[in-house]
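Undergrad: One structure coming up, written as structure tokens, with questions to follow.
The values are calculated or read from the model by the stated rules, or taken from the named source; none is laboratory data. Computed from a prediction, not measured in an experiment: that's the story for all the values here. Ideal geometry is used to build each Cβ from the backbone, glycine not excepted, and the neighbour counts take in all protein chains shown. Areas reflect the complete protein model, heavy atoms only, side chains present, ligands, DNA and RNA absent. Shrake-Rupley method; radii C 1.70, N 1.55, O 1.52, S 1.80 Å.
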Amino acid sequence: SVIYCSISDSFFWKLGIVVMATNKVIAICQSGGKFVTSKDGSLSYSSDGDAFAIDIDQNTSMTDFKSELAENFGLGLETMSLKYFLPGNNKTLITISKDKDFIRMVNFSADAGTVEIFVLPEEGGAKMPASRSSRTTTSEGVVPVITAAGDVVDEEMTNDDFQIDLAMPDESPLPCNFVLVDQKHHTAIQQWENVITGVDQRFNSFIEFRDALHKFSVAHGFAYKYKKNDSHRVSVKCKAQGCPWRITAARLSTTQLICIKKMNPRHTCERAVIKPGYRATRGWVRTILKEKLKAFPDYKPKDIAEDIKKEYGIQLNYSQAWRAKEVAREQLQGSYKEAYSQLPLICEKIKETNPGSIATFMTKEDSSFHRLFISFYASISGFKQGSRPLLFLDNAILNSKYQGVMLVATASDAEDGIFPVAFAIVDSETEENWLWFLEQLKAALSEPRRITFVADFQNGLKNAISQVFEDAYHAYCLRQLAEKLNSDLKGQFSHEARRYMLNDFYSVAYATTLEGYYSSLENIKSISPDAYAWVIESEPDHWANALFQGERYNQMYSTFGLDFYSWVSEAHEFPITQMIDEFRAKMMQSIYTRQVQSREWVTALTPSNEEKLQKEIGLAQLLQVSSPEGSLFQVNGGEGSINIVDINQCDCDCKMWRLTGLPCSHAVAVIECIEKNAYEYCSRYLTVESHRLMYAVSIQPVPNMERMMLEEPPEGLVSVTPPPTRRTPGRPKMKRVEPLDMIKRQLQCSKCKGLGHNKKTCKAI
């Protein structure tokens, strides 16, 4: 029997490319059905059996899923085979053989909405309809050829006699180091038995027909040769001497469709002696990979080699699988080289569809690409209307064919969600490129507020920020500082000693008072005077809370948002134009998602800030406020603790009000004492109103992006060629670095010096 599963889990809102997925996936399973083949070779499933549902998600293992199927349907766990169709392709089944495949299917179904899973007992296989040619034997009578008009003609077709070789120009046979292996069963190849069904079957192009013909011949184990092969007609015969198998396809009049006009499905040759996979070519392997890369862009060469061997009986080494993937991906995504020529048109279309956006690029004297800057109007408006004057600068290395580096400026919304403001693609991270990026950013924002940048201090950023944004604050990224400290001390101290120093370093950075700052600094000095000197020379006024003069809302890292870097990891190997559109789609999706979320909020502050303020209000009930001296109030806490609040300056000597934008418990106690509302003293950037303003403008899709990439650019646009640098052929080399889990900050209370908590949560207060 065959078990059928339909998985549906998503709610869709579509404008360009926008998908919202729920957390769970529901697998609706049926049993006892059968496959039916339609005229175009596609498969459908019909079932009158029982049905049940299973909740699955990314944490569900394939073993657990199969176990439940086996229990419900009485199947053997070890003899069960799972397969499913890719969306829009119900002719090719994808095998689920390990947990990784199962997770891919779950992830993929979240975007596609539904997926059909077929569970087949391996020993019996699926009840797949056999093709007519697979049932013919040498004892059967001659089958006449029937034309599209219904006429019966002689089986020896009257086509031109000239022949061309079996392989197409781009399908040279695989070299001798491609090993073809026999399989006990060839389930994947059996899927192709019905890709050609007979007369009147239609295809979108001759390429599609030739691809189907190739698969059909592999599935049925015969070789063929062309009698005619041009832009109007393709005529093919079995290569075996005297075998009557023939097929002819031609363009359907007044259309671009290709239609099978004649076919004699009968074979008299000994097809069984031909091993499956013997006709494997580079073109054939690329065709297989293109189908899978559509579903799994991160398909790894190791997995490619394993799957090709298991499903088609062809053994590839790692380099062959890697090269095949590169070629297949370029064919699927478009030429990396041609993508650069489309940059001028892409920039014009972005500005046309999103008025107010900035999209500009530069070339070198030889017209080769130099750098690109893009900032959508939705990002510019959102930053100016609803964001804190706080920007994070960082970079990400691109692993595309021509390499490069992405420079990015992001903001954070009231919920600390990432909000991309601008990005650039440059050849390398240099001071010159950072200067150019910041100049473009300054012109795009025209921002009167004094901005705080959280960024690295190396690679020219320190000079670039001060040169372009003269009055801006520059907060050094704490993680990058810690990495440098760890690296500089590595040869001098043991792992354990470095761990203590790095914990003390984090305590220095997070200390909100001068007392706590100097106390933690002395701890470092007691371990190593050299480390103490390193910290002093690292300009702590740019990173220590107690000394920093700007407002960074307790954001210590330039890499605070993980979403953007996951976007980069998904698109960093795309051609440059497709990479741009991928980021546009991701940003558009993010804006819409947060627009929808914020519509449900009914409080003045955003949910996380509302929760934080309520916590401070609760703590304030335990505090006592003494008589004021002007705007200064003394707040008394447990065990003799005293804090001074300046209500007019919105400041407390614990510094948490200034750091977070929310009144601390001491400030709340004062605010209640003077009979004011605590919400009036919260930063406006933490309100629902500001959050909604930040996401008020949507990013519009660039229409016909894929078609535009295939067209010739209009006359008058600047010609752009790829940069001279290219990725080194072969597997990319990964630089191994020491894990930084040892530098994770362990909280230290500045009041009692205890570890694992801070002053606010200290029970000794």
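Undergrad: What's the total number of residues in the range 426-435 that are of a type in the set (A, V, I, L, M) and crowded, with 23+ Cβ neighbours inside 10 Å? If you could, list the steps in order and put the result at the bottom.
TA: Start the filter on the range 426-435 by keeping residues that are of a type in the set (A, V, I, L, M), which leaves 426, 435.
Then drop every residue that is not crowded, with 23+ Cβ neighbours inside 10 Å, which leaves 426.
Number of matching residues: 1.
Undergrad: Looking for something part of a helix (DSSP H, G or I), within 30 Å of residue 687 (Cβ to Cβ) and among the hydrophobic types (A, V, I, L, M, F, W, C) - is there at least one such residue anywhere in the range 498-512? Outline the logic, then answer.
TA: Restricting attention to the range 498-512, the residues satisfying the condition of being part of a helix (DSSP H, G or I) are 498-510.
Checking which are within 30 Å of residue 687 (Cβ to Cβ) leaves us with 509-510.
Filter once more, keeping what is among the hydrophobic types (A, V, I, L, M, F, W, C): 509.
So far as the range 498-512 goes, yes, one or more of its residues are part of a helix (DSSP H, G or I), within 30 Å of residue 687 (Cβ to Cβ) and among the hydrophobic types (A, V, I, L, M, F, W, C).
The rows are residues; the columns are (1) hydrophobic (A, V, I, L, M, F, W, C); (2) crowded, with 20+ Cβ neighbours inside 10 Å; (3) more than 18 Å from the chain's Cα centre (by Cα).
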{"position": "559", "(1), (2), (3)": "no, no, no"}
{"position": "564", "(1), (2), (3)": "yes, yes, no"}
{"position": "572", "(1), (2), (3)": "no, no, no"}
{"position": "584", "(1), (2), (3)": "no, yes, no"}
{"position": "591", "(1), (2), (3)": "yes, yes, no"}
{"position": "595", "(1), (2), (3)": "no, no, yes"}
{"position": "600", "(1), (2), (3)": "no, no, yes"}
{"position": "603", "(1), (2), (3)": "no, no, yes"}
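Undergrad: Of the conditions (1) at pLDDT below 70; (2) in a helix (DSSP H, G or I); (3) within 27 Å of residue 221 (Cα to Cα), residue 277 fails just one. Which one is it?
TA: Status for residue 277: all satisfied but (2).
Undergrad: Can you tell me how many residues within the range 623-651 are closer than 19 Å to residue 675 by Cβ, under 48 Å from the mean Cα position of the chain (by Cα) and surrounded by 12 or more Cβ atoms within 10 Å (Cβ to Cβ)?
TA: 4
Undergrad: Next question. Looking at 464, 443 in this structure, which one is open to solvent by 60 Å² or more (accessible area, probe 1.4 Å), closer than 30 Å to residue 699 by Cα and of a type in the set (A, V, I, L, M)?
TA: Working: 464 fails: open to solvent by 60 Å² or more (accessible area, probe 1.4 Å).
Of 464, 443, the one residue that is open to solvent by 60 Å² or more (accessible area, probe 1.4 Å), closer than 30 Å to residue 699 by Cα and of a type in the set (A, V, I, L, M) is 443.
Undergrad: Quick check on my filter: what residues within the range 349-364 are outside any loop (DSSP other than H, G, I, E, B), polar (S, T, N, Q) and in contact with a helix residue (DSSP H, G or I) (Cβ under 8 Å, 6 or more places away or on another chain)?
TA: The first filter runs over the range 349-364 and keeps only residues outside any loop (DSSP other than H, G, I, E, B), leaving 349-353, 358-363.
Imposing the further condition that a residue be polar (S, T, N, Q) reduces the set to 353, 360, 363.
The one that is outside any loop (DSSP other than H, G, I, E, B), polar (S, T, N, Q) and in contact with a helix residue (DSSP H, G or I) (Cβ under 8 Å, 6 or more places away or on another chain): 360.
Undergrad: Oh, and also: Of (1) within 23 Å of the chain's Cα centre (by Cα); (2) modelled with pLDDT of 90 or more, residue 428 satisfies all except one. Which?
TA: (2)
Undergrad: Hey, another quick one. Any residue at all in the range 108-115 that is closer than 20 Å to residue 298 by Cα, modelled with pLDDT of 75 or more and in a helix (DSSP H, G or I)?
TA: No; the residues of the range 108-115 include none that is closer than 20 Å to residue 298 by Cα, modelled with pLDDT of 75 or more and in a helix (DSSP H, G or I).
Undergrad: Does residue 644 fit the bill of being under 16 Å from residue 513 (Cβ atoms) and in contact with a Phe, Trp or Tyr (Cβ under 9 Å, 6 or more places away or on another chain)? Spell out the reasoning first.
TA: Details: under 16 Å from residue 513 (Cβ atoms): yes; in contact with a Phe, Trp or Tyr (Cβ under 9 Å, 6 or more places away or on another chain): yes.
For residue 644, the condition - under 16 Å from residue 513 (Cβ atoms) and in contact with a Phe, Trp or Tyr (Cβ under 9 Å, 6 or more places away or on another chain) - is met.
Undergrad: Can you go through 611, 600 and tell me which one is charged (D, E, K, R), free of Cβ contacts under 8 Å to residues at least 12 places away in the same chain and assigned to a loop (DSSP other than H, G, I, E, B)? Break it down stepwise before answering.
TA: Numbers: 611 fails: assigned to a loop (DSSP other than H, G, I, E, B).
Result: 600 is the single residue among 611, 600 that is charged (D, E, K, R), free of Cβ contacts under 8 Å to residues at least 12 places away in the same chain and assigned to a loop (DSSP other than H, G, I, E, B).
Undergrad: Quick one: in the range 232-249, which of the residues that are open to solvent by 10 Å² or more (accessible area, probe 1.4 Å) and under 45 Å from the mean Cα position of the chain (by Cα) is modelled with the highest pLDDT?
TA: Of the residues in the range 232-249, the ones open to solvent by 10 Å² or more (accessible area, probe 1.4 Å) are 232-233, 237, 239-242.
Then drop every residue that is not under 45 Å from the mean Cα position of the chain (by Cα), which leaves 232-233.
Values: 232: 84, 233: 89.
Taking the candidates together, the pick is 233.
Undergrad: While we're looking at this one, here's another question. Would you say residue 568 is within 29 Å of residue 394 (Cα to Cα), surrounded by fewer than 16 Cβ atoms within 10 Å (Cβ to Cβ) and among the hydrophobic types (A, V, I, L, M, F, W, C)?
TA: Numbers: within 29 Å of residue 394 (Cα to Cα): yes; surrounded by fewer than 16 Cβ atoms within 10 Å (Cβ to Cβ): no; among the hydrophobic types (A, V, I, L, M, F, W, C): yes.
No; evaluated as a whole, the condition is false for this residue.
Undergrad: Does residue 215 fit the bill of being modelled with pLDDT of 80 or more, closer than 30 Å to residue 320 by Cβ, out of contact with any His (no Cβ under 6 Å at 6 or more places or on another chain) and open to solvent by 40 Å² or more (accessible area, probe 1.4 Å)?
TA: no
Undergrad: Given the conditions (1) assigned to a helix (DSSP H, G or I); (2) of a type outside the set (Phe, Trp, Tyr); (3) open to solvent by less than 70 Å² (accessible area, probe 1.4 Å), and given that residue 654 satisfies all but one, which numbered condition is not satisfied?
TA: (1)
Undergrad: Sort out for me the strands (runs of 3 or more DSSP E) sitting completely within the range 215-268 that have 3 or more residues that are free of Cβ contacts under 8 Å to residues at least 40 places away in the same chain. It would help to see each step written out before you state the result.
TA: On the way: elements: 224-229, 233-238, 246-251, 258-264.
Result: 233-238.
Undergrad: Just one of the numbered conditions (1) in contact with a Ser or Thr (Cβ under 6 Å, 6 or more places away or on another chain); (2) closer than 16 Å to residue 530 by Cα is not true of residue 516; which one?
TA: The single condition residue 516 does not satisfy is (2).
Undergrad: In the range 496-525, what residues are at pLDDT below 90 and among the small types (Gly, Ala, Ser)?
TA: 497
Undergrad: Still on this structure, please answer the following. So residue 579 fits all but one of (1) open to solvent by less than 10 Å² (accessible area, probe 1.4 Å); (2) assigned to a loop (DSSP other than H, G, I, E, B); what number is the exception?
TA: (2)
Undergrad: Output the number of the condition that residue 390 fails; it satisfies all remaining conditions of (1) touching a Ser or Thr at 6+ places or on another chain (Cβ under 6 Å); (2) free of Cβ contacts under 8 Å to residues at least 40 places away in the same chain.
TA: (2)
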